Amino acid sequence: MTLIDKSLPYVRAISPYLPGKPITELAREMGIPVENIVKLASNENPLGMSPKARKAVELAINGIERYPDQFDLIKAVAERCKLAQNQVVLGNGSNDVLDLIARVFLAPGRSAIFAQHAFAVYPLATLSTGAELISTPAKNYGHDLNAMRAAIRPDTRIIWIANPNNPTGNFLLYPEVRAFLETVPKDIVVVLDEAYNEYIPPAERADTAEWIKDFPNLVITRTFSKIFGLAGLRVGYALASAEIADLMNRVRQPFNVNNLAIAAAIAALDDHAFVAESYELNRRGMEQIIAGLKRLGLEHIPSHGNFITFKAGDGAAVNQKLLKQGVIVRPIGGYGLPEWLRVTIGKEPENTRFLEALEKAL
Ligand SMILES: *Cc1c(COP(=O)(O)O)cnc(C)c1O
């Protein structure tokens, strides 16, 4: 028996997460200057960070020798979501809070349900606890809530739902989500991951935070990585009943969100003009890319996020040809979609670069 054989078998069974290729890595591999590379692979905000957040980070450098105090950000999030402060749990990115939920409710002998083609962090968070992962077939590439409901077993403790979903962009209408919550036993946690919440068109939005009082088994997660443009700082949060939040805080590292991230997130939350500008840029860019894909005769999945998934044929081969032209998108073979590629909506010239490179790559 080697040392590695003594490691946890369910950890050895995990397939590693494949991140979007960093610009610097492609530059090293292909000898392309960094400034000639367009990265549309990780659903980052093409406008960068909010100017108000930038100022807050600069100020927060003073005091970096101190351990962080989460109070002000928790207060800001609680006020924004009209919840009590003890219902907010901060994370080092929302991936961190997904992990906290898993650690509170999952272990060997328990199970969690997720949908085929749903976000890769749900399998990671589930399998790293030794729990079993139940995968239900997709419906039109998105979550099939009836299938998820039918998959519940006596040992099921968590149901993971991304709305909109990444990487497919599918969106479940909120009345449908609420009807689903009505049918789920109250001793099973439903995680509603709303990483792209701020990109949902106003007419289709719902105040899901308000649902927690009716459904104490509902946990909502959101992030500052997407529309707020703070992916590199790592900050997100969960909204939950005070009881669940308390348990999550017991397994949370006390200083999991750093000073700069806390300061930036408080400022970003308040920068309504930046959020509105980012939303508008995404809406226009989405139209531009959809028009381009149609021109090329490529099928796409309608998306409510800041990205869109399209059928490229041989996804890996087309991806290679895009990389050679300095355009990074996201292959999603690991999500069971080897014919498809996901592209993040960029600024107008970036979208144009992508569409021109794609035409050549086909
Ligand atoms: C990007 C994304 C997140 C956010 O991850 P962070 O850890 O907050 O950067 C969470 N869920 C989904 C579905 C995502 O696509």
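Any read-out appearing in this document is the output of simple, stated calculations on the displayed coordinates, not a laboratory observation. Treat the numbers as computed from the prediction; the structure is a model and nothing was measured. All Cβ positions, glycine included, derive from the backbone under ideal geometry; neighbour counts span all protein chains shown.
Protection proxy ranking of 193-206, 33-46, by the mean of other Cβ atoms within 10 Å over each peptide's residues and highest first, is 33-46, 193-206. Packing around the peptides 162-173, 218-229, 326-337, taken as the average count of other Cβ atoms within 10 Å per residue, puts them in this order, highest first: 218-229, 162-173, 326-337. Our compactness index for the chain, the C-alpha radius of gyration over the empirical 2.2 N^0.38 Å, is 0.99. Cα centroid distance between segment 89-118 and segment 322-346, in Å? Centre-to-centre distance over Cα atoms comes out at 26 Å.
Each of 141, 172, 232 was scored by the projection of its Cα onto the charge dipole of segment 131-254, and the greatest displacement toward the positive side belongs to 232; charges sit on the C-beta of Lys, Arg, Asp and Glu. Computed over segment 195-331, the range of Cα coordinates on each principal axis works out to 51, 33, 31 Å, biggest value leading. Sorting the segments 24-30, 311-317 by their mean number of nearby beta carbons within 10 angstrom, highest to lowest, gives 311-317, 24-30.
Please give the FRET efficiency for residue 55 paired with residue 249, using the beta carbon to beta carbon distance and R0 = 30 Å, rounded to the nearest 0.05. Intermediate results must be reported in sequence, preceding the final value.
Details: r = 30 Å, r/R0 = 1.00.
Computed FRET efficiency for residue 55 and residue 249: 0.50.
Segment 302-350 has equivalent-ellipsoid semi-axes of 17, 15, 7 Å, by the square roots of 5 times the alpha carbon gyration tensor eigenvalues, sorted largest first. The residue list 185, 122, 34 was ranked by how far each Cα lies along the charge dipole of the chain toward its positive end, using unit charges on Cβ atoms, and 34 comes out on top.
Assuming charge only on the beta carbon of Lys and Arg (+1) and of Asp and Glu (-1), the dipole of the chain about its Cα centre is about 500 debye to the nearest 20. Note on segment 1-157: Cα Rg divided by 2.2 N^0.38 Å, N the number of residues, gives 1.37.
For segment 344-357, 3J(HN,Hα) computed residue by residue from phi via the Karplus equation (6.51, -1.76, 1.60; θ = phi - 60°) reads 7, 6, x, 6, 3, x, 5, 5, 5, 4, 4, 5, 5, 5 Hz, glycine and proline entered as x. Distance between Cα centroids, segment 157-193 to segment 122-144: provide it in whole Å. Using only Cα atoms, the two centres lie 12 Å from each other. Have a look at the DSSP beta bridges in the chain and tell me what percent are antiparallel, nearest 5. Bridges in the chain that DSSP calls antiparallel: roughly 50 percent.
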